[in-house]
Amino acid sequence: MKRFLIHSIQGKITALILIFMTVMLIASWFTINYSTQTVMTGAKEDKLLSFAKFLDLYMGDRDYDDILAEHGALDASREEKIAVLNEELRDITDEVAESSPGLGVGYYSRELDAILTYGPSAEYQQKVGVSIDPDHPGRIVMETNRDAVKQGTMVRGDIMNAMHPIERNGEVIGYIWANELTTEIEQDFNRVTRSILLLIVVVYVVSVITAILLFRRTMRDIDNIVKGVRELRHDLTKRLDITGGDLGEVVDSINAMAADILKAEEEHKALLMAEAANQAQRDFLARMSHEIRTPMNGVIGMALLAKSAPTEAQRLEYIDKIQLSASLLLGIINDILDFSKIEAGKMQIENAPFHTERIIETVSDLIRPKADENGLDLIVSIDASVPKMMSGDGMRLSQILLNLLGNAIKFTKEGSVTLKLRADAIGDDKLRLYCSVSDTGIGMTPEQMSGILKPFTQADSSTARKFGGTGLGLSISKALTELMGGELTVRSEPGKGSEFSFFIVADTYDGDTSYVSLADDEAAEHRYDGSRLLIVEDNEINLIIAETLLTDMGFSVDSAENGLQGVEAFAAQHYDLILMDIRMPVMDGFEATQKIRRMEAERRASDRDAAPHVPIIAMTANAMREDRELSFEAGMDGHISKPINIDEVKSVIYDVLIRKSQAV
């Protein structure tokens, strides 16, 4: 028996388990003891506050002056007022006090600085008219005007006292208290803890007996397993040779584990990564649903309000908000499309001249209203090293700057947001444009910064709820800078703001700057009076929008509902320009364009004086680069994306009808 208890594995494990169970028993007792006390104290506090709040509800909307007025005692003496209020409120105080033995409740008037009732009144009527002592714990409530529960020595001895402010018309007129002797609370606590202790002891004894009975049967095999594991620790080629018995499967598992542990670790890591990715995408889809529904609700809701607006000014205000919500929705859709193109490796970077200062000015004009709304200073600093013109993808540069500035303003409550630009020449025909966006906002921890540039990711889960957003903007900005030969980095510190810095590689531009600066103005102002135009569009709303816009530009407009009708209209009438939708019933825009081009070729073959080439511009929701290429392959001369942007429409039409004709 001595060897079993001291030297054998069985004895050691049994002793350890007994020690462990004893420690757990003691720890459980202290934990349960503390938890029970906490729970019971909390329950008592809630009960006392509930009594106090009930007495407040009993008064309804009345205040003390209302009660005095009902009894004609508004001008009575202090003592008479106390007597009237005591008479009115004493019954409910006694009723509540009698509902819970040991409970004391009452009303207090701040104006009279007197206890109005103290129930049960049979025991505490002598306290009526007395002021609350300065060191009374209830004075804490008077200082804060909020519910509070405090323990202390008062008129009844050691009690737990809850006080609730009585507020009428925004002013605290007095307080209601409910208290109970702590001796009664302790008695309840002791009774509960004794029952729990008895239960724990019974469970402990049963567990010890059960454990000893089970261990005697299995300890012999455990001894052998321990010896085998010791050998295995020094020589991994050995295997445990115990078979059968209660622990046979354990031995087989240990032998298999030695060979599979590395593989298991790798699979576990892969599983964790996959789960993290799935969770991130689930969170993203949830945010995306919220982000899309919010502006969509704005569009639908404001449209309903605009229909019933009583004045033209209100109608215009609602329409402005519809346009704002639609712009937000379009921005979200564009983010999704951009991310999809980046993931598929199909994002293309343009290389065209752009006016640097005009881009910065446009970005600033778009961002400044939000900065002003938040009371922030928007500071823009352009170094003299930045050329006025360069060649690259100006639209994507604008997109990155808008993303970074928008984020900076979103996460900055006060202070400023600063945009700085400088440039360095690299060789004869290239330069690096350095941009930084810094703010005085909430900042980020190193852990938050480590994932902020990943897709579907925001600093933490509360960010989406509080500030909104899809979590794609920074990821897209990072990808765009890399596609333009650059890099995006971030520096931040909690409470001290953030700084996002990036650079892109662009070509120098030595061409005519006046052409770039004046071209858009010419397109915006040009008139097409006397020109005839055909719109082929199956959507009635899109048709109305286009007809109105083009009529304002001076065009005489005809329309067709599908490609077949468009071809028939072309055959019957000369047009200076055709705007062609792509996806339509009966005949789509590609097929209609090809038929028109064949008809033009047949006319020129039979008649040299036949009408010249009629420009056709695609006007479609297909906005991808490959969609533009398909439009040009079908014989179209330009491409306008939906939703329609007025400036884009004017620019493309001007380019097709005016610039190309001038070039010829």
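The values are calculated or read from the model by the stated rules, or taken from the named source; none is laboratory data. Please read these numbers as outputs of a predicted model, since none were measured by experiment. Cβ sites come from the backbone with ideal geometry, for glycine too, and all protein chains shown count toward neighbours. Side chains included, ligands, DNA and RNA excluded: accessible areas come from the protein's heavy atoms. Shrake-Rupley method; radii C 1.70, N 1.55, O 1.52, S 1.80 Å.
Taking 7 Å steps out from each Cα toward its Cβ at T22 and R422 produces label points 7.3 nm apart.
Could you give the length gained on full extension between L483 and R368, defined as 0.36 nm per residue of separation minus the Cα-Cα distance, in nm?
Details: separation 115, 0.36 × 115 = 41.40 nm, distance 2.81 nm.
Full extension from L483 to R368 adds 38.6 nm.
Do the alpha carbons of any pairs in K44/K81; K307/K478; K47/K413; K370/K650; K321/K642 sit beyond 31 Å of each other, and which pairs? As for pairs spanning more than 31 Å Cα to Cα, those are K44/K81; K307/K478; K47/K413. Potential lengthening of the chain between E95 and E80 amounts to 3.1 nm, from the contour at 0.36 nm per residue minus the alpha-carbon distance. Rolling a 1.4 Å probe over the heavy atoms of the protein chains gives the range 535-664 an accessible area of 50 Å² per residue. For I535, the shell of other residues with beta-carbons less than 9 Å away shows a net charge of -4, using +1 for Lys and Arg and -1 for Asp and Glu. Using R₀ = 30 Å, calculate the FRET efficiency as 1/(1 + (r/R₀)^6) where r is the Cβ-Cβ separation of D147 and V39; round to 0.05. Computed FRET efficiency for D147 and V39 comes out at 0.95.
Taking other residues whose beta carbon is less than 12 angstrom from the beta carbon of D66, and scoring Lys, Arg as +1 and Asp, Glu as -1, yields -3.
Each label point was placed 7 Å from the Cα along the Cα-to-Cβ direction; for N645 and I319 their separation is 2.2 nm.
A simple count of charges around I92, restricted to other residues whose Cβ falls under 14 Å of its Cβ and scoring Lys, Arg +1 and Asp, Glu -1, yields -4.
In plain terms, the bigger the Kirkwood radius, the slower the diffusion; for the range 554-605, with that radius from Cα pairs, at 37 °C and 0.692 mPa s, Stokes-Einstein puts D at 288 µm²/s. With the simple model of a label 7 Å out from the Cα in the direction of the Cβ, L272 to M395 spans 4.3 nm.
As an exercise, find the ratio Rg/Rh for the range 104-145 from alpha-carbon atoms, using the Kirkwood inverse-distance average for Rh. Mind showing how you got there, number by number?
Numbers: Rg = 10.5 Å, Rh = 10.7 Å.
Reported Rg/Rh (Cα atoms, Kirkwood Rh): 0.98.
What does the C-alpha gyration tensor say about the overall shape of the range 497-606? Classify as rounded when a/c is under 1.5, otherwise prolate if a/b is larger than b/c, or oblate. Since a/c reaches 1.5 and a/b is larger than b/c, the shape of the range 497-606 is classed as prolate. Between A572 and K388, full extension at 0.36 nm per residue minus the direct alpha carbon distance yields a gain of 61.3 nm. Counting only heavy atoms of the protein chains and using a 1.4 Å probe, K650 has close to 50 Å² of accessible surface.
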